[in-house]
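To start, the structure itself, in structure tokens.
The values are calculated or read from the model by the stated rules, or taken from the named source; none is laboratory data. Owing to the predicted nature of the structure, the values given are computational and were not obtained by experimental measurement. Glycine also receives a Cβ, built like all others from the backbone with ideal geometry; neighbour counts cover every protein chain displayed.
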Amino acid sequence: MKKYHSPCPVETTLNLIGNKWKILIIRDLLGSTKRFGELKKSISATKNQTISQAVLTQNLRELEETKLLKRKVYAEVPPRVEYALTPLGESLSGVLESLATWGQHYKQL
């Protein structure tokens, strides 16, 4: 996890959540648990682009590695996997609310 750390706290935050897809994954998991297919569908619907299975998997793994989300695997056939934010991930809700407010303001210019 040290690879995400920077002397600058803003850079550290961006290292953790600053790519094209991670913020949308976090947004979609705020307050709810989702399965892989649900995440893929909801993220693709808002971006007007389709996130590939490999890219979504990689981003989910990185968010799990940084302790922002947790993955729960059920012992079923076929296996069922659910993703949810950890309390640390949930603590980003204020950051996303600020981004949404700023984005709404920008769109009105």
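Give ALA54, ALA84, ALA45, ALA75 a once-over and let me know the one that is of a type in the set (A, V, I, L, M), more than 13 Å from the chain's Cα centre (by Cα) and at pLDDT 95 or above.
Details: ALA84 fails: more than 13 Å from the chain's Cα centre (by Cα); ALA45 fails: at pLDDT 95 or above; ALA75 fails: at pLDDT 95 or above.
Exactly one residue qualifies, and that residue is ALA54.
Identify the single condition in (1) assigned to a loop (DSSP other than H, G, I, E, B); (2) within 24 Å of ALA100 (Cβ to Cβ) that ALA45 does not satisfy, given that it satisfies every other one.
If we test ALA45 against (1) assigned to a loop (DSSP other than H, G, I, E, B); (2) within 24 Å of ALA100 (Cβ to Cβ), just (1) comes out false.
Please enumerate the residues belonging to segment 80-109 that are among the hydroxyl-bearing types (Ser, Thr, Tyr) and part of a helix (DSSP H, G or I).
Keep residues of segment 80-109 that are among the hydroxyl-bearing types (Ser, Thr, Tyr), which gives 83, 86, 91, 93, 98, 101, 106.
Passing the criteria: SER93, SER98, THR101, TYR106.
Could you please let me know if LYS40 is farther than 16 Å from ALA100 by Cα, at pLDDT 90 or above and not acidic (Asp, Glu)?
Details: farther than 16 Å from ALA100 by Cα: yes; at pLDDT 90 or above: yes; not acidic (Asp, Glu): yes.
Judged against the criteria, LYS40 is a match.
Just the residues that are assigned to a helix (DSSP H, G or I) and either surrounded by 15 or more Cβ atoms within 10 Å (Cβ to Cβ) or among the acidic types (Asp, Glu) (or both), please, taken from segment 10-29. Explain how you work it out, then say what you get.
The first filter runs over segment 10-29 and keeps only residues assigned to a helix (DSSP H, G or I), leaving 10-17, 22-29.
Scanning segment 10-29 gives GLU11, ASN15, LEU16, ILE17, LYS22, ILE23, LEU24, ILE25, ILE26, ARG27, ASP28, LEU29.
Among the listed residues SER52, SER6, SER93, SER42, which satisfies the condition of being small (Gly, Ala, Ser), surrounded by 11 or more Cβ atoms within 10 Å (Cβ to Cβ) and in contact (Cβ under 8 Å) with a residue 24 or more places away in the chain?
When all the criteria are applied, what remains is SER93.
Take the residues of segment 58-72 that are more than 18 Å from GLU38 (Cβ to Cβ) and acidic (Asp, Glu): which is farthest from the chain's Cα centre (by Cα)?
Of everything passing the filter in segment 58-72, GLU65 is farthest from the chain's Cα centre (by Cα).
Just the residues that are under 16 Å from TRP21 (Cα atoms) and either among the basic types (Lys, Arg) or surrounded by 14 or more Cβ atoms within 10 Å (Cβ to Cβ) (or both), please, taken from segment 55-83.
VAL55, LEU56, ASN59, LEU60, ARG61, GLU62, LEU63, GLU64, THR66, LEU68, LEU69, TYR83
With the requirement that a residue be in a strand (DSSP E or B) and either within 14 Å of ILE25 (Cα to Cα) or modelled with pLDDT under 95 (or both), what does segment 57-72 give you?
Taking segment 57-72 as the starting set, the residues that turn out to be in a strand (DSSP E or B) are 69-72.
Across segment 57-72, the qualifying residues are LEU69, LYS70, ARG71.
Please tell me if SER32 is polar (S, T, N, Q), loosely packed, with under 13 Cβ neighbours inside 10 Å, at negative phi and not in a helix (DSSP H, G or I).
Details: polar (S, T, N, Q): yes; loosely packed, with under 13 Cβ neighbours inside 10 Å: yes; at negative phi: yes; not in a helix (DSSP H, G or I): yes.
Yes; evaluated as a whole, the condition is true for this residue.
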